[in-house]
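Q: Below is a structure I'd like to ask you about.
The values are calculated or read from the model by the stated rules, or taken from the named source; none is laboratory data. Note that the structure is predicted; figures quoted are calculated from it, not measured. No Cβ is skipped: glycine too gets one built from the backbone with ideal geometry, and neighbour counts run over all protein chains shown.
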Amino acid sequence: MENSREFVLPPFYCPLPAACGPLAEAAGAEAVQWMASHGLCDDPATLARIREAEVHRLMGLMIPQPEDEEVFRTLTCFAHLVLLAEDLLFDGSPSAGGFGAIIEQAGRVMRVMESPGYRVSGADDPYTLALVDVMTRLRKASSPGRVGRLTHEMRRCFAGAVRGISALHGPDPLTEDRYLSIRLDDVAGHLTVVLIEMCGSEPLPDDTWQSPAVLACLESAGMVGALDNDLFSYRKESVHDLNLINVLRATRGLSVQQAVDETMKVRDRVMRLFLGLREELLAGAPAPLRYLLEQLGQALRGHVEWGLTAPRHTGASAENGAAVRPIGSLSGCWADQPSSDDPDPLPCPSVSWWWDQAGQASGRAVTQEQ
């Protein structure tokens, strides 16, 4: 295979505003101090990983206008723990204990998350103690329904990650449809939506969450974020990692550059759908849905901004690298038009139903259905 670094990254089509909330830096400093108090920063390599990820900045870019500041600060701590779980458990290869050890550890994390009043013991590790603390804080600051949804989506992330590792090491080659269905879960798209919603002052009703039009809009946004991650993280990944670029090279026999360009076309087709669904749903949308959709649009732009500048993806040192470029200085990274104007659904059953919702959605109609 060709060297995965030999390609030009196309510009990203994202005609949405970007902003980084003023709470991000303070919330990030608090999160690192909090993690250090639980002994999670004692290892220099772990501390470097935390700094290079710039999770606090990602949170500020994804949720620039949190209506509940206490929840935002607590979720910034939680997001740091998600990063550690991703890096330490699901780095694309089985741990020393094999898949069984990964599944066992993920199950332990989930049991802590879903257990109000979990009783810690001397046998619990620092990660567990930190997780108990942050979940206790979230239960005090948010509603049971919202915390329950957060737990559900974390379980979905773990299930997607395990499925992804299994696919990488399994005997059958990945199809494009199978890849997209895995990636939608393991990249934490659903979890991100929940983090945004939890920062709103009013919860989104259950029936709105389950509306086909709303679900298609939220999932398409998650897929855009997943494919953006595939694109801006590809230079540092192996040719064997879980990535649509690698899948397209294998299934279609494409070169690296061809697969990168095709991934961007797939991404832009989904982006165009999301923009259309979002516009339809904003018409007459009640306050909770409007808040979520508006923040979600900014989150997609902010996610790309973060991915193109965070040391985690650029390879620069968080301490020795250049200062982060402000929003607006990445003008050459943005496209005025999508790379594909194909309006047809992707030929993948896992996601093609999203396109059926176009022209059927409106925030007013969703409200009236309840």
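Q: Output the number of residues of the stretch 223-256 satisfying the condition of being among the acidic types (D, E) and either modelled with pLDDT of 90 or more or over 20 Å from the mean Cα position of the chain (by Cα) (or both).
A: 2
Q: Let me ask another. Considering only the stretch 153-210, how many residues are of a type in the set (D, E) and part of a loop (DSSP other than H, G, I, E, B)?
A: Of the residues in the stretch 153-210, 2 are of a type in the set (D, E) and part of a loop (DSSP other than H, G, I, E, B).
Q: Which members of the stretch 205-222 meet the condition of being of a type in the set (A, V, I, L, M) and either surrounded by 23 or more Cβ atoms within 10 Å (Cβ to Cβ) or modelled with pLDDT under 95 (or both)?
A: A213, V214, A216, L218, A221
Q: How many residues are in contact with a His (Cβ under 6 Å, 6 or more places away or on another chain) and either in a loop (DSSP other than H, G, I, E, B) or of a type in the set (A, V, I, L, M) (or both) if we restrict to the stretch 51-79?
A: The number of residues fulfilling the criteria is 1.
Q: Working carefully through the options A48, A27, find the one that is surrounded by 14 or more Cβ atoms within 10 Å (Cβ to Cβ), in contact (Cβ under 8 Å) with a residue 12 or more places away in the chain, part of a helix (DSSP H, G or I) and in contact with a helix residue (DSSP H, G or I) (Cβ under 8 Å, 6 or more places away or on another chain).
A: When all the criteria are applied, what remains is A27.
Q: For the stretch 230-249, name all the residues that are in a helix (DSSP H, G or I) and either over 15 Å from R183 (Cβ atoms) or of a type in the set (V, I, T) (or both).
A: R235, K236, I245, V247, R249, listed by residue number.
Q: Still on this structure, please answer the following. Can you tell me how many residues in the stretch 118-128 are farther than 19 Å from R155 by Cα and assigned to a loop (DSSP other than H, G, I, E, B)?
A: 7
Q: Run L254 past the list (1) in a helix (DSSP H, G or I); (2) free of Cβ contacts under 8 Å to residues at least 24 places away in the same chain and report the number of the one that doesn't hold.
A: (1)
Q: Identify, please: which residue in the stretch 257-293 is touching a residue at least 24 places away in the same chain (Cβ under 8 Å) and among the acidic types (D, E) and is, among those, surrounded by the fewest Cβ atoms within 10 Å (Cβ to Cβ)?
A: Ranking the candidates gives D261 first.
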